[in-house]
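Have a look at the structure below, then the notes.
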Amino acid sequence: MTKKIYIAGHRGMVGGAIMRRLQDRQAAGEDVILVTRTSEELDLTNKASVRGFLQSEKPDQVILAAAKVGGIIANNSYPAQFIYENLMIECNVIHAAYEAGVKKLLQLGSSCIYPKMAKQPMREDALLTGTLEPTNEPYAIAKIAGIKLCESYNRQYGVDYRSVMPTNLYGPGDNFHPENSHVLPALIRRFHEAALRGDETVTVWGSGKPMREFLHVDDMAEASLFVLDLDEETYQRETEPMLSHINVGSGTDVTIRELAEIVARVTGFSGTLAFDATKPDGTPRKLMDVSRLARLGWTATTPLEQGIEETYGWFLAQGLDQLRSK
């Protein structure tokens, strides 16, 4: 039976990885039709446009990987854009999917939904139990709203809309902008350029003490499709109607100092590391409890250093001339 899947955000890092996995399924003979639109072709913040598109295409499933994302600087600089655009994308796509008769949807969120001082590792039931990290609160609130939209539509309309919450992601397709990227791609670029110049020291923002978990985007793509493909009985056995989201992570974390040391090795930087403690650290620790997903039958497989090596290889293949404009 043919399955038609709309991937919102297919040109992003996660959406692109999911699309590659689905294209692999096509190549293996699975009867899957993939539907995509660029942001120029379809503005997901425009309710009428999204409604018309989904009414016309009528996909069987929707994967909502589209979002406005960025690191600490971007979140601090553009809080109104982060909350508005993400809320509009979620509201428009989820509601229009329901109106178009889409029975199954997967929404991708973020680990920033959890309280700043949440008990580690963070379980799904830590949601809404404390104050959020101020630097990305607008984005986090939008992602929490996305979870509750899915759960509310499930309760009222009997659809099957699910949410997965990834930890910090990295890999091919990442954003390596020196100011607007997340910590790992920013470090890769900084250390790479420092090695080229022969710099003696690289200064990293913050104290180096915060701990972070990282997951390769290809693992995230596999996990997303795994959760989407679960039969309802299995999915509902491990979730609750208003606590239905699933954490996706590697289950291990490293300090920012340890991360910087790995990146230095991979990029060939042989100088010394310094840390600027006057810059914000963000949340002290962010480690996901991934036991719910493990019980369902999925665990990550890509070791961190191996994944960083692969990501650095992709970065080099793009060429610095192209990356300087991003």
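For segment 131-145, which residues satisfy the criterion of being within 17 Å of residue 65 (Cβ to Cβ) and touching an Asp or Glu at 6+ places or on another chain (Cβ under 9 Å)?
Result: 142, 143, 145.
For residues that are touching a residue at least 60 places away in the same chain (Cβ under 8 Å) and either hydroxyl-bearing (Ser, Thr, Tyr) or more than 13 Å from residue 264 (Cβ to Cβ) (or both), tally how many sit in segment 190-233.
Total meeting the criteria: 27.
Output the number of the condition that residue 169 fails; it satisfies all remaining conditions of (1) part of a helix (DSSP H, G or I); (2) touching a strand residue (DSSP E or B) at 6+ places or on another chain (Cβ under 8 Å); (3) buried (at least 23 other Cβ atoms within 10 Å of the Cβ).
(1)
I'm trying to understand the selection: among the residues of segment 92-116, which are touching a Gly at 6+ places or on another chain (Cβ under 9 Å), assigned to a helix (DSSP H, G or I) and more than 30 Å from residue 206 (Cβ to Cβ)?
94, 96
Considering only residues that are assigned to a helix (DSSP H, G or I) and surrounded by fewer than 17 Cβ atoms within 10 Å (Cβ to Cβ), look in segment 117-140 and name the one that is modelled with the lowest pLDDT.
The selected residue is 134.
Looking only at segment 143-163, how many residues end up being in contact with a Gly (Cβ under 9 Å, 6 or more places away or on another chain) and buried (at least 22 other Cβ atoms within 10 Å of the Cβ)?
Count: 4.
Please find, among 14, 102, 50, the residue that is under 24 Å from residue 315 (Cβ atoms) and touching a residue at least 24 places away in the same chain (Cβ under 8 Å).
Unique residue meeting the criteria: 14.
Which of (1) of a type in the set (Gly, Ala, Ser); (2) closer than 23 Å to residue 249 by Cα; (3) in a loop (DSSP other than H, G, I, E, B) does residue 146 not meet, given it meets every other one?
Failing condition for residue 146: (3).
Which one of 174, 199, 219 is modelled with pLDDT of 95 or more, out of contact with any strand residue (DSSP E or B) (no Cβ under 6 Å at 6 or more places or on another chain) and not in a helix (DSSP H, G or I)?
When all the criteria are applied, what remains is 199.
The values are calculated or read from the model by the stated rules, or taken from the named source; none is laboratory data. Computed from a predicted model, the values in this text were never measured in an experiment. Ideal geometry is used to build each Cβ from the backbone, glycine not excepted, and the neighbour counts take in all protein chains shown.
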